[in-house]
1. Full-extension gain between K40 and R198, please, as 0.36 nm times their residue separation minus the C-alpha to C-alpha distance.
2. Using each residue's phi in region 47-62, evaluate 6.51 cos²θ - 1.76 cosθ + 1.60 at θ = phi - 60° and report the 3J(HN,Hα) Karplus result to the nearest Hz, with x for Gly and Pro.
3. Tell me the label-point distance for the pair S67, R340, using the 7 Å Cα-to-Cβ offset, in nm and rounded to one decimal.
4. Once label points are set 7 Å from the Cα along Cα→Cβ at both H141 and H156, what is their separation, rounded to one decimal in nm?
5. I want to verify the translational diffusion coefficient of region 202-308 in µm²/s; compute it with Stokes-Einstein, Rh as the Kirkwood radius over Cα pairs, at 20 °C and 1.002 mPa s.
6. Explain nothing, just compute: Karplus ³J(HN,Hα) = 6.51 cos²θ - 1.76 cosθ + 1.60, θ = phi - 60°, for every residue of region 331-338 in order, whole Hz, x for Gly and Pro.
7. Given points 7 Å out from each Cα along the Cα-Cβ axis, report the D298 to S180 separation in nanometres with one decimal.
8. Over region 44-88, what per residue volume does the convex hull of the Cα atoms give, in whole Å³?
Amino acid sequence: MAKKIHRRGFITSLFGAAAATPFLNGAPYITKNLMKAKGKMPVVVTGRGGDWAEKVLSGGWSAFEKSGDMMDGVIGGANVVELDPADSSVGYGGIPNEDGVVQLDSSVMHGPTRNAGAVGGLEYIKTPSKVARLVLERSDHVMLIGKGALRFALAHGFKKENLLTERARLVWLRWKENLSDKDDWFPPADGEYNFPPRPTGTINVLGLDEDGSVYGVTTTSGLGFKIPGRVGDSPIIGAGLYVDNDVGACGATGRGEAVIKVCGSFLVVENMRRGMSPREAVEDCCRRIIDHNNGKPDFGDNFIAINKDGEYYRGGIRGPKDPGGPSYAAITKDGLEVKRGEYIIKYERRG
Ligand code: GLY
């Protein structure tokens, strides 16, 4: 199917082609594109296991099959979670900020045109990934935030909706009432006084089409109870998501501040450009974050990466609750495959 080439993308492609060099630091990375694919293509991958893997990837795959456009595939997969109030870390039903307001972050990248779009702190819109795609396709900008992002979405016909589910409101209220014994909010007499770790969560969906072109999306409601206006890694190109059509793609989940500080997804893609496998590239990035945090990070980060050959992997720093390693899954025309990667810092049972 012919793909629409947008004015900005077309100009970028022309200059990109003219300026393209087949060598970077002596490595003939462009020639890699000519190698026969090792993995199956088309393919859609996501950093989710369990029931979510099937829901996300079958949603993504049917969107891809319907249009033949893998951008529809990756965003269609992300939309499944954004629209489902059962997930408290993405889209509708996400845990709100400290004021009880849900603020969403998302980014998308389109490999063939080397374009990107992102929104940060978007309120009232259930599918921030669709708005990020519109920033990419229908504006000459890369990122819109807050009120400007909302106005842009409304201009494109999105409807304002309440994103705070009753479940998320009760989680927020419990946090608020347990925050301090020096403020005026009291938990109920039979309430919980020990609040569990602050909820985080995000979803990455990456895809290769039959030509080996690369696409990606990251979407999240961000860190639960964040300071209003806090933007994590998810909408930052190179942090929560990076796609390079010559190399592959990477998406991040976990503590966004740590990912931003190492340009995590960019680092993983650059590692692959220099010849590392997706697994080696992810583990190198995780080690960088561990080193930057005195060898003992008290948080988790995970990266999912796919290269142009269709090889993919998800790994992370550590899973405080999960001894088994981070889940990930892929769908091709042969069906769904769910896998587990590894954490660099192994799970230790405490107490
Ligand atoms: N990785 C999601 C966030 O930190 O917001």
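Please treat every number below as a calculation from the coordinates, not as lab data. Note that the coordinates shown come from a computational prediction; the quantities given were computed from them, not determined experimentally. Because the Cβ atoms are built from the backbone with ideal geometry, glycine has one as well, and the counts that use them run over all protein chains shown.
1. 53.1 nm
2. For region 47-62, the Karplus-derived couplings read x, 9, x, x, 5, 4, 4, 5, 4, 5, 6, 6, x, x, 5, 5 Hz, x marking Gly and Pro.
3. The modelled label-to-label distance comes out at 3.6 nm.
4. With each label point 7 Å from Cα toward Cβ, the separation is 1.2 nm.
5. 156
6. Whole-Hz 3J(HN,Hα) from phi for region 331-338: 10, 10, 5, 8, x, 9, 10, 10.
7. Inter-label distance under the simple model: 1.9 nm.
8. For region 44-88, the hull spanned by Cα atoms encloses 60 Å³ per residue.
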